[in-house]
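What follows is one structure encoded as structure tokens, with my remarks underneath.
The values are calculated or read from the model by the stated rules, or taken from the named source; none is laboratory data. Note that this is a predicted model, so its numbers are computed, not measured. As a convention, Cβ positions derive from the backbone with ideal geometry for all residues, glycine included, and neighbour counts pool all protein chains shown.
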Amino acid sequence: MKDTPEAFEHLDHPLLRRRVRDPGSLREGELMAVVREPLGSVGGVARYACTAYVRDAAGLEFTAAPGTLEGL
């Protein structure tokens with residue numbers, strides 16, 4: 001039996017619903033969500049990844065590291 005959560009957890013972020021830039025890709029858009037996603041467990045310890053979902057001007061979403069986003 002798994003002891004890691006199956007569901008995604010939405011996190012608050014100071015730039016949520018604001019225009020941002022991902023400095024890694026130089027893409028810009030509106031920060032739509034930041035999600036904590038379960039990756040599984042290693043040695044009985046649950047592992048997670050935090051992912052930012054950004055929607056660009058064309059309406060396409062891309063992901064980025066939430067800690068690196070810059071407000072515009």
**Request:** Looking only at region 17-72, count how many residues are modelled with pLDDT under 95 and β-branched (Val, Ile, Thr).
**Result:** 2
**Message:** List the residue pairs whose Cβ atoms are under 9 Å apart, where the first residue sits in region 56-69 and is closer than 13 Å to Met32 by Cβ, the second is of a type in the set (S, T, N, Q), and the two are 6 or more positions apart or on different chains.
**Reply:** Phe62/Ser25; Thr63/Thr51; Ala64/Ser25; Ala64/Thr51; Pro66/Thr51
**Hits in region 36-68 (condition: part of a strand (DSSP E or B), among the hydrophobic types (A, V, I, L, M, F, W, C) and surrounded by 12 or more Cβ atoms within 10 Å (Cβ to Cβ))** = Ala46, Cys50, Ala52, Val54, Phe62, Ala64
**Asked** Out of region 18-35, which residues are assigned to a strand (DSSP E or B) and among the aliphatic types (A, V, I, L, M)?
**Response** Val20, Leu31, Met32, Ala33, Val34, Val35
**Message:** Please go through region 11-25 and give me each residue that is closer than 14 Å to Asp56 by Cβ and surrounded by 16 or more Cβ atoms within 10 Å (Cβ to Cβ), ordered by number.
**Reply:** Val20, Arg21, Asp22
**Prompt:** Name the residues in region 29-63 that are aliphatic (A, V, I, L, M) and over 13 Å from Leu15 (Cα atoms), would you?
**Reply:** Val35, Leu39, Val42, Val45, Ala46, Ala49, Ala57, Ala58, Leu60
**Item:** region 18-33: number of residues that are among the hydrophobic types (A, V, I, L, M, F, W, C) and either touching a Ser or Thr at 6+ places or on another chain (Cβ under 7 Å) or in contact (Cβ under 8 Å) with a residue 40 or more places away in the chain (or both)
**Value:** 1
